[in-house]
Amino acid sequence: MASCNKNDIITLELTGMTSEGSAVGHYNGMAVFVAGGAVGDAVSAVVIKAKKTYAIAKILEIITPSADRIEADCQAFPSCGGCVYRHINYQSELDIKKQFVEDCMRRIGGLDNLPIDNTVSNGIIEGYRNKCEFPVGTDKNGRIITGFYSYHSHRIIECDNCRLHSAVFSEINRIFKDWANEYHLTAYDENTKKGLLRHLYIRRAEVTGEICVCIVATNKNISHIDELIKRLVSYSTDIKSIVININNKDTNVILGGECVTVYGSDYIYDVLCGLKIRLSVLSFYQINRAQAEQLYSIAKEYAQLDGTQTVLDLYCGAGTIGLSCADSAKQIIGVEIIPEAIKDAKENAHINGIKNARFICGDAEQAAIKLKNENITPDVILLDPPRKGLTEQLIKTCCDMSPKRIVYVSCNPATQARDLAVFDKLGYRIEKVTPVNMFPRTAHCETVVLMSRAE
Ligand code: SAH
């Protein structure tokens, strides 16, 4: 018997936050999750979902506000899935993220008493995103719309002025929507699997200002594309690359594997840690460039390089972390699975005159085994996997190569905590854990961990 039912109006004290940024309170011993709540709020809320072990409620009235509260300054908050901390002061967000990392380490990794730093931030909390990926859909009047998926759904919420984005994204988005509606193009429908336009992807290199506009579509034959190109290019000469990415699969993954450049270059260039960086659409690039510089400098500091070491950079993307360490290492070996990213990484070494870096295209787990069998003995291993983290096999191979230090950068403290427990068992001691707020106002948290081989 549930202790509350749908549509019940309840009063709650909010006492904690979930990893996804919902506030939590308890009602008759049952956890109730409330989006847009803050720790310390007393609220009246209506139950919108009641399960056996938990409920989800929506705030009706804030009876007593938390001391951490500030005025949320976006009309799409909290219904849009992006920001979860617009309504609390920034220092509290940094504290919550540190606490979240600590909780993951303890609960998931079984790792107590770790030295966890305060969350690092450069203090820039608006306009930091250099990339957007707007889903394209249709409203009830049949007009093409773009925006963000609402929290935990694929319903599109229109938002023309996201505060996390570079301002030009809104204008490009408007030009795209006007064009699509004027020429009666179709949006891809996930239910019927019909329609053409799936996402509008824009990347802007912060330092050079160069912009790449990529239209993700089920087919490369987009009628009236020349008109869109004309409008975009006359809007901004910074648009250096317009690309169609073809994705005709029934998938949540935004990008397909094939790109066709329809205007300008296949790439744009940015500057990161003093290096010129070439980027293709398919190459991963940190979305918060300025904060990434700080992240990389922490990773480099933890690597403690003196010019004599061999550094293995697993999950290297366009080579950025490894290349930023190249001036202090003997040799960098980068591994990455996306061929276009490896091409960018090689080119990035070349254009920056870096001769001591080589890059391998392949699965990190397989490549590590191969390197080990070739008797490559890295002094330092850098790891920066996607959200799902590492495999046990890869952890084992890393430990078998017996590097002095391992620096593990992660965008998901939960999987990182799981992996650190394995490293710990295999003889690597966790020396430092530093949360870095790469994604201010969202629930996401990056961490850099230094491990060293126990002697
Ligand atoms: N270190 C880079 C990229 C980190 S993102 C940077 O800071 O920019 C993680 C990268 O891992 C992505 O480029 C992704 O393409 C790559 N990747 C994902 N699965 C992989 C695998 N199994 N083997 C190697 N690389 C992989």
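The values are calculated or read from the model by the stated rules, or taken from the named source; none is laboratory data. All of these numbers come straight from a predicted model, not from anything done at the bench. Cβ: placed from backbone, ideal geometry, glycine included. Neighbour counts: every protein chain shown. SASA here: full protein model, heavy atoms, side chains in, ligands and nucleic acids out. Shrake-Rupley method; radii C 1.70, N 1.55, O 1.52, S 1.80 Å.
Would you point out the residue of segment 310-319, among those that are within 13 Å of the ligand (Cβ to nearest atom) and of a type outside the set (Gly, Ala, Ser), that is most open to solvent (accessible area, probe 1.4 Å)?
Tyr315
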From the list Ile157, Ile144, which residue is modelled with pLDDT of 95 or more and among the hydrophobic types (A, V, I, L, M, F, W, C)? Ile144
Need the failing condition index for Tyr128 against (1) under 30 Å from Trp179 (Cβ atoms); (2) open to solvent by less than 30 Å² (accessible area, probe 1.4 Å); (3) more than 19 Å from the chain's Cα centre (by Cα), just the number. (3)
Out of (1) within 13 Å of the ligand (Cβ to nearest atom); (2) not assigned by TED's automatic domain parsing to the domain that holds Thr397, the odd one out for Tyr267 is which? (1)
Against the condition open to solvent by less than 60 Å² (accessible area, probe 1.4 Å), touching a Lys or Arg at 6+ places or on another chain (Cβ under 6 Å) and more than 16 Å from the ligand (Cβ to nearest atom), how does Ile229 come out, does it pass? no
If you go through segment 129-175 one residue at a time, how many are assigned to a loop (DSSP other than H, G, I, E, B), touching a helix residue (DSSP H, G or I) at 6+ places or on another chain (Cβ under 8 Å) and touching a residue at least 60 places away in the same chain (Cβ under 8 Å)? 2
Applying the selection to segment 402-414, what residues are in contact with a Lys or Arg (Cβ under 7 Å, 6 or more places away or on another chain) and either within 16 Å of the ligand (Cβ to nearest atom) or free of Cβ contacts under 8 Å to residues at least 24 places away in the same chain (or both)? Cys411, Asn412
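Using the structure shown, decide if Ala368 is small (Gly, Ala, Ser), within 15 Å of the ligand (Cβ to nearest atom), over 30 Å from Tyr128 (Cβ atoms) and buried (at least 23 other Cβ atoms within 10 Å of the Cβ).
Numbers: small (Gly, Ala, Ser): yes; within 15 Å of the ligand (Cβ to nearest atom): yes; over 30 Å from Tyr128 (Cβ atoms): yes; buried (at least 23 other Cβ atoms within 10 Å of the Cβ): yes.
Yes: the conditions hold for Ala368.
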All but one of (1) within 13 Å of the ligand (Cβ to nearest atom); (2) under 14 Å from Val380 (Cβ atoms); (3) open to solvent by 20 Å² or more (accessible area, probe 1.4 Å) hold for Lys343; state the number of the condition that does not hold. (2)
How many of the residues making up segment 371-390 are buried (at least 23 other Cβ atoms within 10 Å of the Cβ), in contact with a Pro (Cβ under 9 Å, 6 or more places away or on another chain) and part of a loop (DSSP other than H, G, I, E, B)? 1
Return the total of residues in segment 176-210 being of a type outside the set (A, V, I, L, M) and either outside any loop (DSSP other than H, G, I, E, B) or not assigned by TED's automatic domain parsing to the domain that holds Ile239 (or both). 13
Restricting to segment 353-390, give me the number of residues that are in contact (Cβ under 8 Å) with a residue 40 or more places away in the chain and over 23 Å from Tyr285 (Cα atoms). 5
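Considering each residue of segment 15-36, count those that are open to solvent by less than 40 Å² (accessible area, probe 1.4 Å), closer than 21 Å to Cys104 by Cβ and not hydroxyl-bearing (Ser, Thr, Tyr), and give that number.
5
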Considering only residues that are in contact with a helix residue (DSSP H, G or I) (Cβ under 8 Å, 6 or more places away or on another chain), open to solvent by 20 Å² or more (accessible area, probe 1.4 Å) and not in a helix (DSSP H, G or I), which ones fall in segment 291-309? Leu305, Asp306, Gly307
Mind checking which pairs have a first residue in segment 182-206 that is open to solvent by less than 70 Å² (accessible area, probe 1.4 Å) and a second that is part of a helix (DSSP H, G or I), Cβ under 6 Å, 6 or more apart or different chains? Leu200/Phe176; Ile202/Phe169; Ile202/Ile172
Quick check on my filter: what residues within segment 95-116 are part of a helix (DSSP H, G or I), open to solvent by 40 Å² or more (accessible area, probe 1.4 Å) and farther than 17 Å from Leu450 by Cβ? Asp95, Gln99, Phe100, Arg106, Arg107
For Tyr302, state whether it is in contact with a strand residue (DSSP E or B) (Cβ under 6 Å, 6 or more places away or on another chain), more than 14 Å from the ligand (Cβ to nearest atom) and under 30 Å from Ser19 (Cα atoms). yes
Could we say that Lys396 is closer than 12 Å to Leu312 by Cβ and open to solvent by 10 Å² or more (accessible area, probe 1.4 Å) here? no
Candidates Gly334, Gly353, Gly322, filtered to the one that is of a type in the set (Gly, Ala, Ser), surrounded by fewer than 19 Cβ atoms within 10 Å (Cβ to Cβ) and either part of a loop (DSSP other than H, G, I, E, B) or within 12 Å of the ligand (Cβ to nearest atom) (or both): Gly353
